[in-house]
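The numbers here are math on the coordinates, done by the rules we state, and not lab data. Note that the coordinates shown come from a computational prediction; the quantities given were computed from them, not determined experimentally. Reconstructed Cβ throughout: ideal geometry from the backbone, glycine too, with neighbour counts over all protein chains shown.
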Amino acid sequence: MTHVLRVRLDLAYDGAAFAGWARQPGLRTVQGDLEEALGRVLRLPEPPRLTVAGRTDAGVHARGQVAHVDLPREAYLAAPGRSERDPGAALRTRLAGVLPPDVVVGHVAPAPPGFDARFSAIWRRYAYRVADDGALHDPLRRGWTVWHRRPLDVVAMDAAARRLLGEHDFAAFCRPREGATTIRTLQELTWVRDDAGLLVAHVRADAFCHSMVRALVGACLAVGESRREVGWPRAVLDAARRDSAVQVAPAHGLVLEEIGYPPDEELAERARTARAVRTLPDQPAG
């Protein structure tokens, strides 16, 4: 009987050339590249399956992504070959030798008991960057910064953003998926200017539904341009249905920065509760 070891991988990637995280037939994806690389360096009969903390869309970047994979224990322990290196460090080095330069695995190690990269996570944090001044249109950062055509009112955008915090049904800002809930707890959504003068949205939630971050950004941009009032994004949220007036912001300005997890002893319980279908307090569980 083959013993299986769950392994955690911390990784980063430039999403420009990927059709998103999830494997898709005929398309280049982060999951596809990484699974093929793991199968190759560990000489497995078929590529293993990865579970990821946050499934990023096409063109979205990550530098704090987390995934796990269940590997045959003997294959993992054999990664160093005849050397005495740590198996995780050896596997990381071997992956670096076969992966393309736009995806990097920074750390590999056995996961603690109960760990699930997706369901054990308690929050995901993204950043979205915008250059709203022609003097800030630096071609060296064009791959991860959106160039905006007119100045934006960061104070109004931040005020609009803060009205969206808390647990809500974010159906108005999500692309619906059959059978999936759109209830999320938005823990942080702020707009600031960084030291370079770029506008940066810091967005953190327990989880996100499809296109949610970019839709929230798009609504705030409309406020920043004075096309909409500060209260408009909240009114859209309260309507609880997809609004065609909300323009989804471009993908390349979005970066998955970090995934948060509870202490090791709470990982299994968090994974168990996160699998439950969520409802708002005034809604019956279905």
(message) Suppose every Lys and Arg Cβ carries +1 and every Asp and Glu Cβ carries -1, with no other charges. What dipole size does segment 4-110 come out with about its Cα centre, to the nearest 20 debye?
(response) 180 debye
(request) For segment 1-109, state which GluC sites (Glu not before Pro) are in a DSSP loop and have at most 13 other beta carbons lying within 10 Å of their beta carbon. (result) GLU84
(request) Find which of VAL230, ALA207, ALA245 sits farthest along the positive direction of the dipole of segment 123-260, computed with +1 on the beta-carbon of Lys and Arg, -1 on that of Asp and Glu, about the Cα centre. (result) ALA245
(message) Order these by the 10 Å Cβ neighbour count, fewest first: SER211, SER120, SER226.
(response) SER226, SER211, SER120
(message) Go through the cysteines of the chain and tell me which have no other cysteine Cβ under 4.7 Å away.
(response) CYS220
(request) Would you calculate a helix-derived [θ] at 222 nm for the chain, using -39,500 (n - 2.57) for each DSSP H run of n ≥ 4 and dividing by the full residue count, to the nearest 500? (result) -7000 deg cm²/dmol
(message) Suppose we take every Cα in the chain and form the convex hull; what volume per residue is that in Å³?
(response) 161 Å³
(request) For a footprinting-style exposure proxy, rank ASP243, ASP264 by other Cβ within 10 Å, fewest first. (result) ASP264, ASP243
(request) Apply the Kirkwood formula to segment 96-142: the hydrodynamic radius equals the inverse of the mean of 1/r over all pairs of different alpha-carbon atoms; give it in Å with one decimal. (result) 15.3 Å
(request) Specify the inter-centroid distance of segment 197-259 and segment 46-98, based on alpha-carbon positions, in whole Å. (result) 32 Å
(message) Counting each pair of different Cα atoms once, what's the Kirkwood radius of segment 4-110 in Å, rounded to one decimal?
(response) 13.8 Å
(request) Apply 1/(1 + (r/R0)^6) to the Cβ-Cβ distance of HIS137 and VAL4, taking R0 = 41 Å, and write down the FRET efficiency to the nearest 0.05. (result) 0.25
(request) Give the shape of segment 175-276 as rounded, prolate or oblate, defined through the alpha-carbon gyration tensor: a ≥ b ≥ c are the square roots of its eigenvalues, a/c under 1.5 means rounded, and otherwise the shape is prolate if a/b is larger than b/c and oblate if not. (result) oblate
